[in-house]
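Here is the structure we will look at, set down as structure tokens.
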């Protein structure tokens, strides 16, 4: 029995299949459904868990090569929230959300959270 780290068996399975340069999406609760992508829904109630919560758990054992977020997030988020994301993933590239969404279909999986923060979605590419 696992006693620490990520305990969710679906997330463990998904993460174990991520290879070099594969991408993984961690999304807020309003992110569109993509039927061709394996989706793990973690929503419980508003903001439990958040994208940042999941990102904190995943980055303990996930080596991030590149990361993308919508520039609309950077323009609307507080300095504290931006700092929290950038502390976990220092090389975030910001782009318009329409460009961000073009990257989604090639992802190996999507983890949907209950985050209510607009545009808080992130795509992680494994190193």
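The values are calculated or read from the model by the stated rules, or taken from the named source; none is laboratory data. Owing to the predicted nature of the structure, the values given are computational and were not obtained by experimental measurement. A quick note on method: Cβ atoms are made from the backbone with ideal geometry, for glycine too, and the neighbour counts reach across all protein chains shown.
What to note about this one:
- Among the residues of the stretch 38-55, those identified as outside any strand (DSSP E or B) and surrounded by 15 or more Cβ atoms within 10 Å (Cβ to Cβ) are 42, 47, 49, 50, 51, 52, 53, 54, 55.
- Residues in the stretch 62-81 that are without any contact (Cβ under 8 Å) to a residue 24 or more places away in the chain and closer than 21 Å to residue 24 by Cβ: 74 alone.
- Flag for residue 81 being surrounded by 16 or more Cβ atoms within 10 Å (Cβ to Cβ) and either at pLDDT below 95 or over 25 Å from residue 4 (Cα atoms) (or both): yes
To keep it simple, each residue is scored yes or no on (1) loosely packed, with under 15 Cβ neighbours inside 10 Å; (2) part of a strand (DSSP E or B); (3) in contact with a helix residue (DSSP H, G or I) (Cβ under 8 Å, 6 or more places away or on another chain).
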residue: 15; (1), (2), (3): no, no, yes
residue: 18; (1), (2), (3): no, no, no
residue: 25; (1), (2), (3): no, yes, yes
residue: 66; (1), (2), (3): no, yes, no
residue: 99; (1), (2), (3): yes, no, no
residue: 104; (1), (2), (3): no, no, no
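- Of the residues examined, residue 70 is not one that is surrounded by 16 or more Cβ atoms within 10 Å (Cβ to Cβ), at pLDDT 95 or above, over 19 Å from residue 7 (Cβ atoms) and out of contact with any helix residue (DSSP H, G or I) (no Cβ under 8 Å at 6 or more places or on another chain).
- Here residue 61 meets each of (1) surrounded by fewer than 19 Cβ atoms within 10 Å (Cβ to Cβ); (2) touching a strand residue (DSSP E or B) at 6+ places or on another chain (Cβ under 6 Å); (3) within 17 Å of residue 18 (Cα to Cα) with one exception, condition (2).
- Residue satisfying condition, being surrounded by 17 or more Cβ atoms within 10 Å (Cβ to Cβ), closer than 19 Å to residue 40 by Cβ and touching a strand residue (DSSP E or B) at 6+ places or on another chain (Cβ under 8 Å), within set 92, 111: 111
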